[in-house]
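Working notes, structure below.
The values are calculated or read from the model by the stated rules, or taken from the named source; none is laboratory data. Values in this document were obtained by computation on a predicted structure and should not be read as measured data. Here the Cβ is made from the backbone with ideal geometry for all residues, glycine too, and neighbour counts use every protein chain on show.
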Ligand code: MG
C-alpha cells in the first residue's frame, strides 16, 4: 500500500479497516465471540486498536504462516464454540446477509467458502515472461472470499493433518487437502479485500457519510441608532438590529444552518446571549468560529443559500459584497454562496420595518481524512 501503517489500520472515514471488518460480526446475532489475531507487537494495544465491541472480544498474537495465526486464534476460543468463521481483516464490507449464507453453508456441509464467479477471461502467463501460454477456461473458476466457515472439529482435524505441510492461502484449502468436502456459496462482489491504494480510495467513497444539510432562521428587532451590519458589510440606514451581539441575521441564520447540518447544536449553545464574551460580537467572527466547530467535527461547507427579509433599505447594492465576505470566511469560492433580499410586502412586523429576518440553508460535505 505504500502507507506508514499496516493496511488493516488505515482510516475508512473515522474507523480503521480492522474496526469496520470486526463491526459486521459484532452486529450479527449469531456471533458470540470474536478473536482478533494481531502481529505480536500489537497485542498489547489490541483493545484500543479494535475499539468497543458488544461481543466478548480477545486479541492474540499471530504466527509466521497464515495457518499458524488461525491456530492461535482457535486456541483462544471458548470450549463451547462449535462453528468458526475466519475472516480477513482487510475485508471491511462483509455484511449480515453474507454471514448468514456462510452459516447456512456450514450447517449444511460442515465447511463453506464464499466465492464469486470469474467474469474476465483468464490467461496463463509463465512466471518471468510476458507471453500468453494459454487461455484458461473460466466456467469452473471462482474467486474465494472470506468469511470462510467450518465446524470447529472439521477445521481442527484438518489443521492437525496439515501441520508442517504446505502454506495454505486460505482455510478452505486446509480442509480441502484433508479430503473433507467444502461447499462454495455465493459471495458478494462488494466484499473486496483492500490491497491497493485504489481499493482504499474506492472503499473511502463507499463508506463516506455523504453530504448533510441544515437550515437556520434568525430575526432581530430594528432600533434607532444601531448599526445595520450584514456579514461585516455596513449598510447605511437610520436603524439597526437590537441585540446582545451585532444582530447580524445573515451570519446568525447561516451559523445555525451549519451547526444543524453537523448535528452540533445551535448558536445559543455555542455563543449564549447571556455570556459577556459575545456582547456586541461580530457576526463574521462568530461565523469563523462555527466554521472551526464543523471542521473539527469533520465537515466542510459545500454551499450556502440565504434569504434576508427586510422592508427597507434595498439590499441589492450590497449583496455582492456580502457574498464575498461570507465566502472568504467559509473558505469557499463566491459562487458557492448565495444571498437574496426580499421584502415582506408590508405584512407583519418585518413588513412594517420593525424587524429584519433571515433564512439560511447550508450543505456540508465530509472533509478529507477527518474523523466524525
Ligand atoms: Mg441573532
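Looking only at segment 181-189, decide whether some residue is away from the ligand (no atom under 16 Å from the Cβ) and in a helix (DSSP H, G or I). No, segment 181-189 contains no residue that is away from the ligand (no atom under 16 Å from the Cβ) and in a helix (DSSP H, G or I).
I'm trying to understand the selection: among the residues of segment 326-354, which are surrounded by 21 or more Cβ atoms within 10 Å (Cβ to Cβ) and either over 23 Å from residue 285 (Cβ atoms) or touching a strand residue (DSSP E or B) at 6+ places or on another chain (Cβ under 9 Å) (or both)?
To start, the set of residues in segment 326-354 that are surrounded by 21 or more Cβ atoms within 10 Å (Cβ to Cβ) comprises 326, 329-330, 337, 339.
Within segment 326-354, 326, 330, 337, 339 meet the criteria.
I'd like the residue in segment 215-234 that is away from the ligand (no atom under 16 Å from the Cβ) and under 21 Å from residue 323 (Cβ atoms) and, out of all such residues, is nearest to the chain's Cα centre (by Cα). Here the answer is 233.
Scanning segment 268-286 for residues that are outside any loop (DSSP other than H, G, I, E, B) and surrounded by fewer than 24 Cβ atoms within 10 Å (Cβ to Cβ) yields a count of 9. One residue alone among 282, 316 is within 16 Å of the ligand (Cβ to nearest atom) and farther than 14 Å from residue 363 by Cα, and that residue is 282. When you look at residue 143, is it assigned to a strand (DSSP E or B) and within 30 Å of residue 19 (Cβ to Cβ), yes or no? Here the answer is yes, as residue 143 does meet what is asked.
For segment 290-325, the set of residues classified as within 15 Å of residue 253 (Cα to Cα) and out of contact with any helix residue (DSSP H, G or I) (no Cβ under 7 Å at 6 or more places or on another chain) consists of 305, 307, 310, listed by residue number. Residues considered: 69, 45, 59, 54. Of these, the only one that is at pLDDT below 95 and in a strand (DSSP E or B) is 59.
Residue count for segment 235-249 under the criterion of being in contact with a helix residue (DSSP H, G or I) (Cβ under 9 Å, 6 or more places away or on another chain) and more than 10 Å from the ligand (Cβ to nearest atom): the result is 1.
Whether a residue is at pLDDT 95 or above, within 16 Å of the ligand (Cβ to nearest atom), in the same structural domain as residue 219 (by TED's automatic domain parsing) and assigned to a loop (DSSP other than H, G, I, E, B) was assessed, and residue 265 passes this test.
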